[in-house]
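Student: Please find one structure pasted underneath; my questions will follow.
The values are calculated or read from the model by the stated rules, or taken from the named source; none is laboratory data. All values derive from a computational prediction rather than experimental measurement. Cβ sites come from the backbone with ideal geometry, for glycine too, and all protein chains shown count toward neighbours.
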Amino acid sequence: MAKYYFLLVLIIGAALYFVYAQDPCYKAIGDDFSRQFPDYKILDSGSTEGSPQSVQCHIRYSKPDNKTVYKDIWLYENQGNGWSFSKILVTEEQLP
């Protein structure tokens with residue numbers, strides 16, 4: 001019976017890894033953000049809305065020498081061969 005639980009955990013883990021690896025909010029946004037804003041510090045990121053064609057990635061970050069926290073929503077679109085950054089939909093300031 002233990003081998004079946006192990007197999008179940010392995011299958012669920014593989015499925016979660018596949019979803020994580022395919023999500024641009026985890027895979028691409030860190031690289032894209034660092035390339036565009038090399039001095040800014042990412043506090044967290046993740047997706048909340050998406051479809052097979054587009055995903056909205058939420059990213060919180062701070063600028064150097066500034067205690068203000070900013071939140072952006074970046075749009076990624078599926079080009080058929082992978083996800084690519086499209087545009088920044090919203091930028092807002094938050095309390096530190």
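Student: Applying the selection to the stretch 45-73, what residues are under 16 Å from GLU93 (Cβ atoms) and not in a loop (DSSP other than H, G, I, E, B)?
Tutor: Once the filter is applied, which keeps residues that are under 16 Å from GLU93 (Cβ atoms) and not in a loop (DSSP other than H, G, I, E, B), the stretch 45-73 yields HIS58, ILE59, ARG60, TYR61, SER62, VAL69, TYR70, LYS71, ASP72, ILE73.
Student: Go through the residues of the stretch 20-36 one by one and say whether even a single one is at pLDDT below 80, β-branched (Val, Ile, Thr) and part of a helix (DSSP H, G or I).
Tutor: no
Student: Just name the residue that is surrounded by the most Cβ atoms within 10 Å (Cβ to Cβ) out of those in the stretch 34-47 that are in contact with a strand residue (DSSP E or B) (Cβ under 6 Å, 6 or more places away or on another chain) and of a type outside the set (Gly, Ala, Ser).
Tutor: Step by step, filter the stretch 34-47, then rank; the result is TYR40.
Student: Looking at this structure, is LYS67 modelled with pLDDT of 90 or more and surrounded by fewer than 16 Cβ atoms within 10 Å (Cβ to Cβ)?
Tutor: Details: modelled with pLDDT of 90 or more: no; surrounded by fewer than 16 Cβ atoms within 10 Å (Cβ to Cβ): yes.
So LYS67 fails the test.
Student: What tally of residues in the stretch 78-88 results from selecting those that are farther than 13 Å from ILE29 by Cβ, surrounded by 11 or more Cβ atoms within 10 Å (Cβ to Cβ) and either among the polar types (S, T, N, Q) or at pLDDT 90 or above (or both)?
Tutor: Matching residues across the stretch 78-88 total 1.
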